[in-house]
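The values are calculated or read from the model by the stated rules, or taken from the named source; none is laboratory data. Quantities reported herein were computed from a predicted structural model and do not represent experimental measurements. Every residue, glycine among them, receives a Cβ derived from its backbone with ideal geometry; neighbour counts consider all protein chains shown.
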Amino acid sequence: MTQTDKMLSRKEGGVGYLTFNNPERHNAVSLEMWEAASGFLEDFARDENVRVVVLTGAGGKAFVSGADISKFESERSNKEAVDRYNVSVDKANAAVYDFPKPTIAMIRGYCIGGGVGLALCCDLRICTEGSKFGVPAAKLGLGYGYTGLKKLVDVVGPSFAKEIFFTARQFDAKEAQGMGLVNRVVADGELEKYVKDYADTIAGNAPLTVKAAKFVVGEVVKDESKRDIKRCAELVANCFASKDYIEGRKAFMEKRKPAFTGT
């Protein structure tokens, strides 16, 4: 296990785990935590054995509850400090959103503000029945720009995005699932096993197919002028030219589980 004071990283089989470890503050995220997160994600991206990454929060009370407001005086008290903080947050969020492998937000408890932003950067969101979601920007006078709001609108649509921001209230897990904010809601005691099984299932599938699907869906939600259709076609062609495509067909005919290598 690699770790800094407030961030933990570990690998289990084909799954990498990134844990926000600031439970006394509901895993509020400071500047050094965002910077450490970016470094861990770079390691996961380079490691060919890691096929899926799970992001979660320590302590059982929260996923991530946004920025560490106690650090605002030291980290966000003037324009230069705000700019540095925002660059680090944007870099970490982009590292998750643009990550080449599938990502799962494993959510228990509070997922607030920047926590919602981080969860939206993941491909899938799985939470417990007791989880709570909210963006309290309108209670703090904070402004959210185009990039952050687009991610929310892409997931829940414009009407629910407005409701989340206009009310600034907390939504329970059932409401979050109804909006499409989370993919699955599971019983509190089943979260780790459910996410592990999901991650292992994805890790056992053909990596080139999963990679192509992730990239193509990412292009679909971009403005048409910014889509890389050529790269989409290349990634699909790579699937059909792969050893894994041969292995998948053989395994199907032989009624056995395929052993994919990502080649």
Considering only the stretch 99-119, I want to know if a residue exists there that is out of contact with any Asp or Glu (no Cβ under 9 Å at 6 or more places or on another chain), hydroxyl-bearing (Ser, Thr, Tyr), over 22 Å from Ile202 (Cα atoms) and surrounded by 15 or more Cβ atoms within 10 Å (Cβ to Cβ).
yes
Scan the stretch 43-64 and tell me whether some residue there is surrounded by fewer than 18 Cβ atoms within 10 Å (Cβ to Cβ), farther than 28 Å from Lys214 by Cβ and modelled with pLDDT under 90.
no
Right, Ser9: at pLDDT 85 or above and either out of contact with any His (no Cβ under 9 Å at 6 or more places or on another chain) or surrounded by 15 or more Cβ atoms within 10 Å (Cβ to Cβ) (or both) or not?
yes
Is it true that some residue in the stretch 99-107 is at negative phi, in a loop (DSSP other than H, G, I, E, B) and either among the aromatic types (Phe, Trp, Tyr) or without any contact (Cβ under 8 Å) to a residue 24 or more places away in the chain (or both)?
yes
Restricting to the stretch 191-225, give me the number of residues that are surrounded by 13 or more Cβ atoms within 10 Å (Cβ to Cβ) and either on the phi > 0 side of the Ramachandran plot or assigned to a helix (DSSP H, G or I) (or both).
23
List the pairs whose first member sits in the stretch 76-95 and is on the phi < 0 side of the Ramachandran plot, whose second member is of a type in the set (Phe, Trp, Tyr) and surrounded by 15 or more Cβ atoms within 10 Å (Cβ to Cβ), and whose Cβ atoms are under 6 Å apart, counting only residues at least 6 apart or on separate chains?
Arg76/Tyr85; Ser88/Trp34; Val89/Trp34; Ala92/Trp34
When you go through Ala213, Ala237, Ala241, Ala173 one by one, which is the residue that is within 18 Å of the chain's Cα centre (by Cα) and without any contact (Cβ under 8 Å) to a residue 12 or more places away in the chain?
Ala213
So Lys101 fits all but one of (1) at pLDDT below 95; (2) more than 26 Å from Gly157 (Cβ to Cβ); (3) basic (Lys, Arg); what number is the exception?
(1)
Filter result (under 19 Å from Thr56 (Cα atoms) and not in a helix (DSSP H, G or I)) within the stretch 172-190
Asp172, Leu181, Val182, Asn183, Arg184, Val185, Val186, Ala187
Mind listing just one residue for me: the one in the stretch 81-98 that is surrounded by 18 or more Cβ atoms within 10 Å (Cβ to Cβ) and among the small types (Gly, Ala, Ser) and, of those, farthest from Gly16 (Cα to Cα)?
Ser88
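On the basis of being hydrophobic (A, V, I, L, M, F, W, C) and out of contact with any Pro (no Cβ under 8 Å at 6 or more places or on another chain), does Val216 make the cut?
Details: hydrophobic (A, V, I, L, M, F, W, C): yes; out of contact with any Pro (no Cβ under 8 Å at 6 or more places or on another chain): yes.
Answer is yes for this residue.
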When the residues of the stretch 226-263 are filtered to those that are of a type in the set (Val, Ile, Thr) and in a helix (DSSP H, G or I), which remaining residue is surrounded by the most Cβ atoms within 10 Å (Cβ to Cβ)?
Val236
